[in-house]
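Participant: If you scroll down you'll find the structure; I have some questions about it.
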Amino acid sequence: MNGPPVPHRPDVTLTDLRAEHGRPALGLGTARPRLSWIARPTGATPPAWRQTDHEVRVTAVPVVPGAAPRAWTSGRTGSGDSVLVPWPAPDLASRERVRVQVRAWSADHPDPTAWSAPLEVETGLLHPGDWAAVPVGPDWEEEPGTDHRPALLRREFHLPGPVARARLHVTAHGVHEVEVNGTRVGDEVLAPGWTSYHHRLRHRTHDVTAHLREGANALGAWLADGWYRGRYGTHGGNHDLYGTRTALIAQLEVDLADGRRVVVTTHPGAGADGGTWRAAHGPITAASLYDGEEFDARLAVPGFSRPGFDDSAWAGVRGYERDPATLVAAQGPPVRCTRELRPVSVLTTPSGATVLDFGQNLAGRVRIRVRGNAGDRVRLRHAEVLQDGELCTRPLQRARATDTYVLAGDPAGEEWEPRFTMHGFRYVEVTGWPGRLGEEDVVARVLHSDLERTGWFTCSDERLNRLHENVVWSMRSNFVDVPTDCPQRDERLGWTGDVQVFGPTAAFLYDVGGFLASWLADVAVEQLPDGTVPWYVPMIPAEFWDPPQPGAVWGDVAVLLPAVLHERFGDTGVLRRQYASARAWVDLVERLAGPSRLWNTGVQLGDWLDPAAPPEEPAAARTDKYLVATAYFAHSARTLARIAGVLGEEADAARYARLAAEVREAFTREHVRADGRLSSDAQTAYALALAFDLLDEPRRETAGRRLAELVAQDGNRVATGFAGVNLVTDALTRTGHDATAFALLTETGCPSWLYQVSMGATTTWERWDSLLADGTVNPGHMTSFNHYALGSIADWVHRTVAGLAPAAPGYRRLLVRPRPGAGLTAASARHETPYGPASVAWNRRDGELVVDVDVPLGVTATVDLPGRPATEVGAGHHRFAVPDAVPALPGPGAPSALQPT
Ligand code: BGC
C-alpha cells in the first residue's frame, strides 16, 4: 500500500503546555500569558535533541460552536526557550478563549516535533471597564468593632434561550461561597483568600454553563467576615481591618446559543431586568477565622439559591464603592481540601473528656456525620498537643478554635463542616455528641492552597524521612493563600522572615511560582515610600509596629525571594515586576547604614529564637543582631546586582556589586577579629559569613574550622535561630566540613532537628523545644507546633544529602553533588523541574557508591562525586560508581548546656 509519505519526526513529544503558572487556565488576568512546555523523549533512550527553535499556533475558540475560528501562527521564532516564553501572538481580549499548540526543532534534526496537544486558555475581565458589578451587602444595621453573623444573598433572573457558555467572575469584601440553582460553584475554600485588600482584591472566574438553564435561574451566596472585617492580628487583634461592611462582587455573563449575552451583576436596587438582590441571616450564627464557627441546623434555609424561593421576608441590600482597577485575577491555585484523615484513635482523657487523635498535626477543619435530636449541640475544640493527657490550648493564645453544630434532628442523620473558619490541630475534643461517637463519624479535612507537588526526598534513615515529611506538612499547613507563620494561634500572618528562609525549600517541594509571585505583589504594594518592608504582608496595624520599622532577614524577602523564584522556576518576569521593590529595600538599608556600610541601628529581630534565648526573650540571641543585619545587607546588595544583570540594568548591576563589595569589606573590618574569630563567636555568625561569602581566604578557612569546632563543642546540637537555620549546614559543606554538617542533621539531643522527631513531632515546630523533654509544653508565650522556618534545612538536604541542585535558572543546568553522610546507605531526591523530571538516587553497595542520575531533555548536569573529577552529562539516565569512602563521624560532642532535663 502506498499512502502519503510519513514525515520523519524526532523521537520527542512536547507535553505539559501551560500558560503562566499553569493554574488557573480559566480567567487568566493577562492579555499576554507566557507559555511553557516540556520536551520528553518518546522512546526509552533520549535523543541528542535540544530545542533550538519553536513555533506557536493560536486558534480562537468561538463561543458559539460553528462560527469560523480565527487562527494565528508565530512562524519559526528562532528561540530555544521553553519556560515562561513571552506570548508570541496579538494581545488577547477580555473573555477570549484560545487553543494554543507548539512545536519545536533541534539543530540536529531537520524536522520539527509534532504539534503538542492543545492547551485551552481563557482570559477573564482584563480591564476595569469590563466590570459592571458593584459590591453589595445586607442593608441592616451592624455595629462596627465586633463579630457579625454571616449573611445569605440571593437574586433570581431569567434566561431567554439555551445557554452556550456562562462565566461567573466573583469576589467579596469578606469570604464567600456561591451557589447557582442550588449547586455550589467550585470547591474553593475561604475565597477570595487574603491580599492587601485596599490595593489588590483577587477574583476568580468559574465555568457555570452546566449550572444554568433556559428560563428561571437563581444565584445565592454565603458571606462572612473573614480577613476583611473579622478579628485578626496578635494581642487580641482588631476588627474591621479593611471595612465595616461585607459585600459580594459578582458578575455572571451568559452567552446564549443565539449569540445574545445576558449579564447579571451585584448591584443595589433593581437591575435592568427588574431583579433585585435580597439578604437574610442563615444558619451560621457566628464565624471567625480564629474562634471557629457556630451553625444552627434548625435555621437552615433550604432552596435559597433556587428559583421560586420565597424571599419576600428578606431584607434589601446596599451598594458600596470599589475601584474596579483594584480587582485582579488570581495567579495561583485556590485553597481546597486536598485530603481527608480519619482519627487514629478516640481517647478518653483523665478528666473524662472525649478527644479524637488524627495522628497528624494539620491545618483544616473537621466534617461530622451525626444523628440526634433537634437542639442537640456538638462542640469541637481543636488543639495541637495534649499535656497531662488533656487538650492543651494555651499555645492558641486568643484563638478559641471551637466549632459548634446544633442539630436539626433529621432522623436520616446530618452532615456538617464549617465554611468560614479553619484551625491548626491534631486533637479535637468533642462534647455533646448524641450517642456513640465512632471513628467513621468524623474526618479531618486538610486545607491549603492546592499547589502541585514537585519535590520528594527519601533515604535509608526513617528519622530523616519523618523530618522531611514534617517539613512538607508544615508547608501544607502554612501555604494557605498567604505564606503564614503558623495555622493555629491568633496570628497566622504572612511573616516575611519565615518565608524568606523557607522559600528555596518551598520551591522544591511544590510549584509555588504563582502563589509567591502573587504574595510578592502584596509585598511591593505594602512597602512604605522609604522602602521599609513590613514584618508581615498583608500588613495589618499593630500598636507595637505601626508604622513598621525596617528589619534585616525579614525585609530582605523583597530581594531574596524574587531571586529564588528566578533560580527555581526561570521566572524573569517576577524579577522585573519586583525590581523597584527590591531596589527600594537595598537603597533604604544603604541610607540607614550610611558611609560606614554597617547596619548598626534600629529594631532588629536578628537570630530570632536562638535556642539559648530565654523563652520570653526570643530575640536575645548569641549572635549580635547588627552583625546579622550587615551580613544580610551585603547579601541582598549582591543578589540585587545579579538581578540587575539578568534584567540588563547594567549601571545598577555595577553600582550594587560595588556596594556589596564595600559592605563585605566593612563586615570584615567590624566583625572579624585578629585571630580570625568573629565578633560573635556563635554558629549563626559563621553561618552567615560563610554562606554569604563575606570572607576572603585564609579567613574563610579559619571561620569554617571555627564553626565546625563550635558545633562539636555544642555536642553537634544546632545553635541557630531563624537567621542561621537555613545556612549553617551549607556553611559547613562549603568549607569542607561535610561530616560535621551531617552530624548536626542527625543529632537527636535538644536542640536539633531530630529531637523534634524523637518527641513524636508530625510537623516542624516554632521553637527547637516547643515540647520539652519532660513532655510539657514550652512555657514561652509563643509556642507553635507548626512553623516552617526551622524546616528550611530541607533545601540543603535535597541539594547535598541527595545531591540535586539547580545550577542555572529553572534547572536548565543541574548540579549533582551528593555528599553521603555516615550511617546512610541510600538517599534520593526527585524534582519536577520546568524542563521535566530530574532525579538523583545513590546507594552504598559492596564498597561502592552507586549513583543514578536522570536528566531531563534539553538539560545538562555537572556530576561531582566524591573522589573523582566532575563530569558533564546530557539528558537521560546515567549510572556512576565510585569507591565508597565513608566519611568518619565527628566524635561525640560534649553534652549541651541546653539539653532539657
Ligand atoms: C511569628 C514568627 C515571626 C516572629 C517575628 C512570631 O510571632 O510567629 O514566626 O517571624 O513573630 O517577630
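The values are calculated or read from the model by the stated rules, or taken from the named source; none is laboratory data. On a predicted model such as this, the values are computed, not experimentally measured, just so you know. Cβ atoms come from the backbone with ideal geometry, glycine included; neighbour counts cover every protein chain shown.
Participant: If you check Val406 against the conditions, is it away from the ligand (no atom under 16 Å from the Cβ) and not aromatic (Phe, Trp, Tyr)?
Facilitator: yes
Participant: How many residues does segment 786-797 contain that are in contact with an Asp or Glu (Cβ under 7 Å, 6 or more places away or on another chain) and either β-branched (Val, Ile, Thr) or within 16 Å of the ligand (Cβ to nearest atom) (or both)?
Facilitator: Counting residues in segment 786-797 that are in contact with an Asp or Glu (Cβ under 7 Å, 6 or more places away or on another chain) and either β-branched (Val, Ile, Thr) or within 16 Å of the ligand (Cβ to nearest atom) (or both) gives 4.
Participant: Step by step: first the residues of segment 598-614, then only those that are surrounded by fewer than 23 Cβ atoms within 10 Å (Cβ to Cβ) and over 17 Å from Val718 (Cα atoms), then the one that is farthest from the ligand (Cβ to nearest atom). Which residue is that?
Facilitator: Of everything passing the filter in segment 598-614, Leu598 is farthest from the ligand (Cβ to nearest atom).
Participant: For Arg658, indicate whether it is of a type in the set (Lys, Arg) and more than 30 Å from Arg577 (Cβ to Cβ).
Facilitator: no
Participant: Which members of segment 446-479 meet the condition of being under 18 Å from Leu362 (Cβ atoms), more than 16 Å from the ligand (Cβ to nearest atom) and β-branched (Val, Ile, Thr)?
Facilitator: If the condition is that a residue be under 18 Å from Leu362 (Cβ atoms), more than 16 Å from the ligand (Cβ to nearest atom) and β-branched (Val, Ile, Thr), then Val446, Val472 are the ones that fit.
Participant: Here's another thing I want to ask about it. Here are some residues: Gly124, Gly145. Which one is surrounded by fewer than 21 Cβ atoms within 10 Å (Cβ to Cβ), within 35 Å of the chain's Cα centre (by Cα) and of a type outside the set (S, T, N, Q)?
Facilitator: Gly145
Participant: Is there any pair linking a residue in segment 786-810 that is closer than 20 Å to Phe569 by Cβ to one that is within 16 Å of the ligand (Cβ to nearest atom) and outside any helix (DSSP H, G or I), with Cβ under 8 Å and at least six apart or on different chains, and which?
Facilitator: Tyr788/Thr764; Ser792/Val725; Ser792/Asn726; Asp795/Asn726; Trp796/Asn726
Participant: Turning to a different aspect of this structure: Does Val533 fit the bill of being within 16 Å of the ligand (Cβ to nearest atom), buried (at least 24 other Cβ atoms within 10 Å of the Cβ) and either in a helix (DSSP H, G or I) or basic (Lys, Arg) (or both)?
Facilitator: no
Participant: Can Arg879 be described as surrounded by fewer than 17 Cβ atoms within 10 Å (Cβ to Cβ) and at pLDDT 95 or above?
Facilitator: It is true that Arg879 is surrounded by fewer than 17 Cβ atoms within 10 Å (Cβ to Cβ) and at pLDDT 95 or above.
Participant: Sticking with this structure for a sec: Please go through segment 827-856 and give me each residue that is assigned to a loop (DSSP other than H, G, I, E, B), of a type outside the set (Gly, Ala, Ser) and surrounded by fewer than 23 Cβ atoms within 10 Å (Cβ to Cβ), ordered by number.
Facilitator: Across segment 827-856, the qualifying residue is only Asp846.
Here's the yes/no breakdown for (1) in the same structural domain as Glu179 (by TED's automatic domain parsing); (2) closer than 25 Å to Arg381 by Cα:
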{"position": "Trp222", "(1), (2)": "yes, yes"}
{"position": "Asp225", "(1), (2)": "yes, yes"}
{"position": "Asp240", "(1), (2)": "yes, no"}
{"position": "Gly243", "(1), (2)": "yes, no"}
{"position": "Gly259", "(1), (2)": "yes, no"}
{"position": "Val263", "(1), (2)": "yes, no"}
{"position": "His267", "(1), (2)": "yes, no"}
{"position": "Leu289", "(1), (2)": "no, yes"}
{"position": "Gly292", "(1), (2)": "no, yes"}
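Participant: Still on this structure, please answer the following. Which one is nearest to the ligand (Cβ to nearest atom) among residues in segment 480-489 that are in contact with a Phe, Trp or Tyr (Cβ under 8 Å, 6 or more places away or on another chain) and farther than 23 Å from Asp607 by Cα?
Facilitator: This residue is Gln488.
Participant: Here's another thing I want to ask about it. Having 3 or more residues that are under 30 Å from Arg365 (Cα atoms) is the bar; report the strands (runs of 3 or more DSSP E) wholly within segment 253-337 that clear it.
Facilitator: So the answer is 278-281, 284-288, 292-296, 327-329.
Let's see how each residue does on (1) aromatic (Phe, Trp, Tyr); (2) closer than 23 Å to Tyr788 by Cα; (3) touching a helix residue (DSSP H, G or I) at 6+ places or on another chain (Cβ under 8 Å); (4) surrounded by fewer than 24 Cβ atoms within 10 Å (Cβ to Cβ):
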{"site": "Arg669", "(1), (2), (3), (4)": "no, no, no, yes"}
{"site": "Ala674", "(1), (2), (3), (4)": "no, no, no, yes"}
{"site": "Ser680", "(1), (2), (3), (4)": "no, no, yes, yes"}
{"site": "Ala689", "(1), (2), (3), (4)": "no, no, yes, no"}
{"site": "Asp696", "(1), (2), (3), (4)": "no, no, yes, yes"}
{"site": "Glu709", "(1), (2), (3), (4)": "no, no, no, yes"}
{"site": "Gln713", "(1), (2), (3), (4)": "no, no, no, yes"}
{"site": "Val718", "(1), (2), (3), (4)": "no, yes, yes, no"}
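Participant: Ala621: away from the ligand (no atom under 16 Å from the Cβ), surrounded by 24 or more Cβ atoms within 10 Å (Cβ to Cβ), aliphatic (A, V, I, L, M) and within 16 Å of Phe722 (Cβ to Cβ), yes or no?
Facilitator: So Ala621 fails the test.
Participant: Sticking with this structure for a sec: In contact (Cβ under 8 Å) with a residue 24 or more places away in the chain and surrounded by 22 or more Cβ atoms within 10 Å (Cβ to Cβ), is that true of Leu168?
Facilitator: yes
Participant: From (1) assigned to a helix (DSSP H, G or I); (2) within 16 Å of the ligand (Cβ to nearest atom), pick out the condition that doesn't hold for Phe722.
Facilitator: For Phe722, the exception is condition (1).
Participant: One residue is enough: does segment 548-563 have a residue meeting the conditions of a type in the set (D, E, K, R), within 16 Å of the ligand (Cβ to nearest atom) and in contact with a helix residue (DSSP H, G or I) (Cβ under 9 Å, 6 or more places away or on another chain)?
Facilitator: Yes, there is a match, as at least one residue in segment 548-563 is of a type in the set (D, E, K, R), within 16 Å of the ligand (Cβ to nearest atom) and in contact with a helix residue (DSSP H, G or I) (Cβ under 9 Å, 6 or more places away or on another chain).
Participant: Which members of segment 229-248 meet the condition of being buried (at least 24 other Cβ atoms within 10 Å of the Cβ) and in contact with a strand residue (DSSP E or B) (Cβ under 6 Å, 6 or more places away or on another chain)?
Facilitator: Within segment 229-248, Gly230, Thr246, Ala247, Leu248 meet the criteria.
Participant: Name the one entry in Val559, Val564, Val553 that is in a loop (DSSP other than H, G, I, E, B) and of a type in the set (Val, Ile, Thr).
Facilitator: Only one candidate passes the filter, namely Val553.
Participant: Give me the pairs, please: first residue somewhere in segment 198-213 and part of a helix (DSSP H, G or I), second residue anywhere and surrounded by fewer than 21 Cβ atoms within 10 Å (Cβ to Cβ), beta-carbon distance under 8 Å, and either six or more positions apart or on two chains.
Facilitator: Thr209/Val163; Thr209/Ala164; His211/Asn181; His211/Thr183
Participant: Residue by residue through segment 493-530, note down the ones that are within 14 Å of the ligand (Cβ to nearest atom), in a loop (DSSP other than H, G, I, E, B) and aliphatic (A, V, I, L, M).
Facilitator: Once the filter is applied, which keeps residues that are within 14 Å of the ligand (Cβ to nearest atom), in a loop (DSSP other than H, G, I, E, B) and aliphatic (A, V, I, L, M), segment 493-530 yields only Leu493.
Participant: Restricting attention to segment 765-785, does a residue exist that is within 16 Å of the ligand (Cβ to nearest atom), among the hydrophobic types (A, V, I, L, M, F, W, C) and assigned to a helix (DSSP H, G or I)?
Facilitator: Taking every residue of segment 765-785 in turn, none turns out to be within 16 Å of the ligand (Cβ to nearest atom), among the hydrophobic types (A, V, I, L, M, F, W, C) and assigned to a helix (DSSP H, G or I).
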